[in-house]
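Structure first, then comments.
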Amino acid sequence: MCGNNMSAPLPATVPAVRKATAAVIFLHGLGDTGHGWAEAFAGIRSSHIKYICPHAPIMPVTLNMNMAMPSWFDITGLSPDSQEDEPGIKQAAENVKALIEQEVKNGIPSNRIVLGGFSQGPISGINRDISILQCHGDCDPLVPLMFASLTAEKLKTLVNPANVTFKTYEGMKHSSCQQEMMDIKQFIDKLLPPVD
């Protein structure tokens with residue numbers, strides 16, 4: 001089931017303080033919106049970076065008894081062998097591609113755009129030379145640390161393994177923490193330094 005053709009509100013955006021020479025596009029998790037993440041990025045922003053936090057369309061989610069909620073694609077289960085909503089994932093990737101294209105039209109080169117996401121927030125179209133920061137709480141009851149470790153290992157087969165950084169945060173559940181946000185800021189600032 002794919003409901004990504006439903007309209008979603010305009011993204012929550014944290015504008016650059018000065019001329020934007022880079023952008024971060026960050027996708028929220030299941031049932032959330034971009035507003036909270038925009039607020040989090042406002043607290044760690046760099047003055048030359050625009051932060052874009054889109055909102056997923058509202059659709060029924062099989063995992064949650066078909067309740068309608070913000071979701072990038074349908075989720076049927078949390079086990080590794082659960083069927084994936086391939087059409088929904090492809091549509092979500094197209095939506096992200098459209099956001100990237102819009103920022104390029106706005107004058108930001110594609111190599112100055114960083115993609116990120118929380119939990120369900122999809123990242124696709126992997127380039128072998130990209131840098132990846134994967135963060136995970138060691139007490140996450142929804143996505144066990146074992147799954148996160150397996151993901152990190154899989155990512156190392158898709159890109160240069162030296163470019164994959166996997167960080168865990170003691171006591172963190174399915175959320176974020178201040179140390180994680182500071183690590184994200186450091187990662188983004190390294191990839192997107194000021195150009196002027």
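The values are calculated or read from the model by the stated rules, or taken from the named source; none is laboratory data. This structure is a prediction, so every number in the text was calculated from the model and none was measured. We place every Cβ from the backbone using ideal geometry, glycine too, and count neighbours over all the protein chains shown. Note: areas computed on protein heavy atoms with side chains; ligands, DNA, RNA excluded. Shrake-Rupley method; radii C 1.70, N 1.55, O 1.52, S 1.80 Å.
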### Query
Just the accessible area per residue of the chain, please: how many Å² with a 1.4 Å probe?
54
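Need one word for the range 62-117: rounded, prolate or oblate. Basis is the Cα gyration tensor (sqrt eigenvalues a ≥ b ≥ c); a/c below 1.5 gives rounded, then a/b vs b/c decides. If you can, show how the numbers build up before the last one.
Details: a/c = 3.24, a/b = 2.55, b/c = 1.27.
Verdict is prolate for the range 62-117.
Compare the peptides 177-190, 149-162 by average per-residue count of other Cβ atoms within 10 angstrom and give them in order, highest first. Write down the numbers at each step before the final one.
Numbers: 177-190: 15.3, 149-162: 13.1.
Per-residue mean Cβ counts within 10 Å order the peptides as 177-190, 149-162.
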## Note on the structure
Per the C-alpha gyration tensor (a ≥ b ≥ c, the square roots of its eigenvalues), the range 46-196 is rounded if a/c is under 1.5, else prolate if a/b beats b/c, else oblate; here it's oblate
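Summarise the accessible area of the chain (1.4 Å probe, protein heavy atoms) by the percent that is carbon and sulfur.
The nonpolar share, carbon plus sulfur, comes to 56 percent.
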### Message
Run the helix sum for the chain: -39,500 (n - 2.57) per DSSP H stretch of 4+ residues, divided by residue count, reported at 222 nm to the nearest 500 deg cm²/dmol.
### Response
-9500 deg cm²/dmol
#### Entry: Partners for Lys19 among lysines (Cα-Cα distance below 21 Å; same-chain residues under 8 apart left out)
Lys50, Lys105, Lys185, Lys190
